[in-house]
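Just so it is clear, none of the values below were taken in a lab; they were calculated from the coordinates. All of these numbers come straight from a predicted model, not from anything done at the bench. In this analysis, Cβ positions are derived from the backbone assuming ideal geometry, glycine residues included, and neighbour counts consider all displayed protein chains.
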Amino acid sequence: MSHVSKFHLPTVKEQNGVQDSVHEKVISVSGEGMLHSPDFPHTYPRNSMLVWRLVAATNMRIQLTFDERFGLEDPEDGICKYDFVEIEDPNEKTLLGRWCGSQSAPAGHTSKGNQVIVRFTSDEYFPSEPGFCIHYSLLPEIISEHETPAVSSPSLQGIEELSEAVAGLGTVEEVMKYLEPERWQLDMEELYKPTWHVLGKSFIHNKKARGGADLNQLREEVRLYSCTPRNYSVSLREELRRTDAIFWPSCVLVKRCGGNCACCSNRCYDCQCLPARVTKKYHEVLLLKHRSGGRGLQKTMTDVPLEHHEECACVCKDDSD
């Protein structure tokens, strides 16, 4: 049985297959064992940063199970920012999840390769109890390879099936929970990290008509509602001609020319409402895309450029030819 001793200054090698390095403890897993926050099940210390790397034989997988006694500092706005424990799969170079709070213990995990990394972080404020404890054990590779989920993972769904499922969700949080139920909080935090993208200017402000005589008001109403920029919803996949990606929300509002041209010149038999001034505005949306090689979904906040019609005019088709 392997086990972890308390953290201290690095040494070359310890007993029981536990080796120290400057950045992490490497644990050679040959049976069952556990790792936990310092002083578990009591209050853990402040300002801690501990890393364990569990390594099994190449033909084995590592199964992790959280102790039911679990309690770290609560999240802020649903995101674990301060005190948390997280699990990384170094073979896939992805985080399996990050957890904090004290509502319930996280679900178990099985590594895809023969290694797994566990990190524990606490800041200088509000340590909690009891912390966490993770039990680990071994599984033969053949078992983990033949396990098949009861429901198809969203990351394995086709682009059209996934697009339809995501379009029916009401919030970004619901999208993240659907895609990655175990690590959606971490995905939310990653989405809203500052980026240096160009942001579009504010939308056009509606101009209010002046007061005046009734006839003037009638004419002004015709001008406002006949051939003017107005809100239209457009599908981002169709507008951008992107069949390889999914956007959420799938539709956004843009200003496009609309309305009739009944007051066009009597000599014109085919009068059309056309844009007289066009600008490009950027809309920040969530972009979902399959990674190359089938390695899950890439989730990013991105700016998409869309045309907005700021001024419209009635133009005789003969004049526009």
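What ranking, highest mean first, results for peptides 281-290, 166-175 when packing means the other Cβ atoms within 10 Å averaged over each residue? Provide the component values of the computation, followed by the final result.
Numbers: 281-290: 17.3, 166-175: 15.0.
Top of the packing list down: 281-290, 166-175.
Per residue of the stretch 93-98, in order, report the coupling 6.51 cos²θ - 1.76 cosθ + 1.60 (Karplus, θ = phi - 60°) as ³J(HN,Hα) in whole Hz, putting x for Gly and Pro.
Listing the rounded values in order: 6, 9, 7, 7, x, 9 Hz.
So, in Å, what gap is there between the alpha-carbon centers of the stretch 24-74 and the stretch 79-130?
Rounded to whole Å, the Cα centres lie 9 Å apart.
Under 12 Å Cα-Cα from residue 281, which aspartates and glutamates qualify once same-chain neighbours fewer than 8 residues away are excluded?
By straight Cα distance, residue 281 reaches 303, 307, 310.
If you rank 93, 81 by fewest surrounding Cβ atoms within 10 Å, what's the result?
Ordered by Cβ neighbours within 10 Å, fewest first: 93, 81.
Rank the residues 256, 46, 69, 241 as a footprinting-exposure proxy: fewest other Cβ atoms within 10 Å of their Cβ go first. If you can, show how the numbers build up before the last one.
On the way: 256 19, 46 12, 69 15, 241 6.
Exposure proxy ranking, most exposed first: 241, 46, 69, 256.
Sort 137, 111, 233 by Cβ crowding within 10 Å, fewest neighbours at the top. Don't skip to the end; give the middle numbers.
On the way: 137 16, 111 26, 233 11.
Result, fewest neighbours first: 233, 137, 111.
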